[in-house]
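Here the structure comes first, spelled out in structure tokens, and everything after it is commentary.
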Amino acid sequence: MSSFKWRGRHLVLPLAAAVIVVAVGAAGALAASAKTTASTIKVAVLSDCQGAFGSFDGQDLAGVVSAMSQYAGAKPVDPNNPRKGWTGGQINGHPLKLVGVGCSNDRADTAIKETKRLMEQLGADVMIGPLSGDESIAVANYAKQHPTKTFVDGSAGAQDTTLKVRAPNFFRFNGDGAMWNAGLGDLAYNKLGWKTAAVVADDYSFAWTSAAGFIAEFCAVGGQVTKRVFPPLNTTDYSSYAQQMPTNVDGTFVAVGGAGLIPFLKAYEQAHGPIDGKKFIGNLFWGTPGQFEQLSTRVTGAYVGGAGTAGDLATPAAKNYANNIIGKWFKTIPPYGAAAPQAASTFTYGFFINTWGLIKGLQAVKGDISGGQKKLQAAVKKAVLPTAYGTIHLDKYNQGVIPVYYAQLYQKDGKLAVKTVGYIPNVDQTFGGTFSASTPAPGRTSPKCVKRTLPWIGKTQHPKVVG
């Protein structure tokens, strides 16, 4: 016989049954509360929307949002406008909230002003970025002063950021500028027959680092760098700098990038006549999707340094990254059009892999950023990324050890195209023992032109590419 009784229209439960109902209800409420009150992880992104690299802002944000969507359950707000960020996304029930996107302009002071706004005023827990060299040195120093926050790079490639500053809570999965040019000095001397070369580079930390890779390797195999010219970043009239470039050398290495590259080449033509592409090697900007198309066929034959990417790599992983990750989450990336062809840009890829490294760290600690984020930082340091172009892990300075590719410009259907022709695995920031925490930082006169042995000389591999 049932022990439940009715009093009027109300069912009266025995005490034990009532306790059970209350307990079950409380447990359910607690479970619901746990799901809804898991602490939010507040994320900030620092990009350049102005300055020499402002046109790559969309690529930066596309890299971030694609990684958040692919690995953390987020979704772009607008598949044609990466800067609008993402919706959703979580790590073990902890929501990933984008609290702000910084707008810098390649200047360290602007980068720090924006970093303070994002981290101190908007209260971000972690930050992804910045884009450019001087900015990253400043942000790494800021990170040192804020050890309970975690920072991952965007695409910045100044050597000092990790090798000199060495903030334990700043991590960089992309390479630095010198690493990205591994193989070019060997190519110039032993394949192209250059014995002498001139170098022109923007007068700031990334371009110094970029030039350092070429100089160190070209001199290592026996070449001589006879002239180094450094126009200020954001120069608009390059005529005086182009006139300083010697013509009695076998070739020229160009590390003028961003908005300055086309004006420099035009000034060079005005000063010295038509460009012979076979006598030029350019750094990553000569192969960056969205930029190289503007160079026109006048630079056909030139070789190009990379940024750990190869847009024409024919492996399933590379095709999947371009078409089924970047091309899945975004249709277009302004201002350069269709998204998938921009996947190999150093900016798209750099912000993508650094965000991925952060996500891997967060997943390892199940979204727990308590304890001054020490567990998170230890987890990010151990993250290994099986990227589209090869596996990346971090060294003792939180700097990625990366695969490096270089390419050559050629004509396809009357237009300029890029074909990857060289591959060197496992390049580290010491550049085969050339650089260390105690060696002079790259600059106008550093590194010196010294003959030495590098482990990859004569061992460049030839990757499988399309076409």
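The values are calculated or read from the model by the stated rules, or taken from the named source; none is laboratory data. All of these numbers come straight from a predicted model, not from anything done at the bench. Here Cβ is always computed from backbone atoms with ideal geometry, including for glycine, and neighbour counts include all displayed protein chains.
Between a residue in region 430-455 that is more than 9 Å from A212 (Cβ to Cβ) and any residue that is charged (D, E, K, R) and loosely packed, with under 13 Cβ neighbours inside 10 Å, which pairs come within a Cβ distance under 9 Å, given they are 6 or more apart or on different chains?
Close Cβ pairs satisfying both conditions: P440/K448.
Could you please let me know if G443 is out of contact with any helix residue (DSSP H, G or I) (no Cβ under 6 Å at 6 or more places or on another chain), over 30 Å from I41 (Cα atoms) and not charged (D, E, K, R)?
It is false that G443 is out of contact with any helix residue (DSSP H, G or I) (no Cβ under 6 Å at 6 or more places or on another chain), over 30 Å from I41 (Cα atoms) and not charged (D, E, K, R).
Working only within region 111-125, note down all residues that are over 19 Å from R83 (Cβ atoms), of a type in the set (A, V, I, L, M, F, W, C) and surrounded by fewer than 24 Cβ atoms within 10 Å (Cβ to Cβ).
I112
Any residue at all in region 410-420 that is at pLDDT below 95, of a type in the set (F, W, Y), under 29 Å from G311 (Cα atoms) and in contact with a strand residue (DSSP E or B) (Cβ under 9 Å, 6 or more places away or on another chain)?
yes
Quick check on region 57-74. Is at least one of its residues over 21 Å from L118 (Cα atoms), part of a helix (DSSP H, G or I), at pLDDT below 95 and of a type in the set (S, T, Y)?
no
Which residue pairs have Cβ atoms under 9 Å apart, sit 6 or more places apart or on different chains, and have a first residue in region 243-270 that is touching a residue at least 60 places away in the same chain (Cβ under 8 Å) and more than 23 Å from F218 (Cβ to Cβ) and a second that is surrounded by fewer than 17 Cβ atoms within 10 Å (Cβ to Cβ) and of a type in the set (S, T, Y)?
Within 9 Å, the pairs are A259/T236.
Would you check if there is a residue in region 422-434 being over 23 Å from G223 (Cα atoms), out of contact with any His (no Cβ under 9 Å at 6 or more places or on another chain) and surrounded by 13 or more Cβ atoms within 10 Å (Cβ to Cβ)?
Scanning region 422-434 turns up at least one residue that is over 23 Å from G223 (Cα atoms), out of contact with any His (no Cβ under 9 Å at 6 or more places or on another chain) and surrounded by 13 or more Cβ atoms within 10 Å (Cβ to Cβ).
Within the bounds of region 236-246, is there any residue that is crowded, with 19+ Cβ neighbours inside 10 Å and under 27 Å from A138 (Cβ atoms)?
Scanning region 236-246 turns up at least one residue that is crowded, with 19+ Cβ neighbours inside 10 Å and under 27 Å from A138 (Cβ atoms).
For region 126-172, give me the residue count where each residue is in contact with a Pro (Cβ under 9 Å, 6 or more places away or on another chain) and either closer than 21 Å to T348 by Cβ or without any contact (Cβ under 8 Å) to a residue 12 or more places away in the chain (or both).
7
Among (1) surrounded by fewer than 23 Cβ atoms within 10 Å (Cβ to Cβ); (2) under 20 Å from S55 (Cα atoms), which single condition is R166 missing?
Failed condition: (2).
Is one or more of the residues making up region 205-218 surrounded by fewer than 24 Cβ atoms within 10 Å (Cβ to Cβ) and of a type outside the set (F, W, Y)?
No, region 205-218 contains no residue that is surrounded by fewer than 24 Cβ atoms within 10 Å (Cβ to Cβ) and of a type outside the set (F, W, Y).
Any residue at all in region 87-97 that is at pLDDT 50 or above and touching a His at 6+ places or on another chain (Cβ under 8 Å)?
No: zero hits.
Have a look at G301, G258, G287 and point out the one that is buried (at least 20 other Cβ atoms within 10 Å of the Cβ) and either within 25 Å of K195 (Cα to Cα) or in contact with a His (Cβ under 6 Å, 6 or more places away or on another chain) (or both).
Only one candidate qualifies: G287.
Which of the following residues is crowded, with 17+ Cβ neighbours inside 10 Å and modelled with pLDDT of 95 or more: P455, P440, P447?
P447 is the lone residue from the list that is crowded, with 17+ Cβ neighbours inside 10 Å and modelled with pLDDT of 95 or more.
Which of the following residues is at pLDDT 95 or above and either of a type in the set (K, R) or closer than 30 Å to Q377 by Cβ (or both): T162, T235, T226, T252?
Going through T162, T235, T226, T252 in turn, just one is at pLDDT 95 or above and either of a type in the set (K, R) or closer than 30 Å to Q377 by Cβ (or both): T162.
So which residues in region 265-317 are assigned to a loop (DSSP other than H, G, I, E, B) and of a type in the set (V, I, T)?
I275, T288, T300, T309, T315
Could you identify the single residue in L131, L118 that is closer than 30 Å to D202 by Cα, touching a Gly at 6+ places or on another chain (Cβ under 9 Å) and assigned to a helix (DSSP H, G or I)?
Residue meeting the stated conditions: L118.
What number of residues in region 318-353 are surrounded by 24 or more Cβ atoms within 10 Å (Cβ to Cβ) and assigned to a loop (DSSP other than H, G, I, E, B)?
Residues meeting the conditions: 6.
Can you find a residue that is within 17 Å of I359 (Cβ to Cβ) and out of contact with any Lys or Arg (no Cβ under 8 Å at 6 or more places or on another chain) anywhere in region 110-127?
Within region 110-127 (the criterion being within 17 Å of I359 (Cβ to Cβ) and out of contact with any Lys or Arg (no Cβ under 8 Å at 6 or more places or on another chain)), the answer is no, since none of the residues qualifies.
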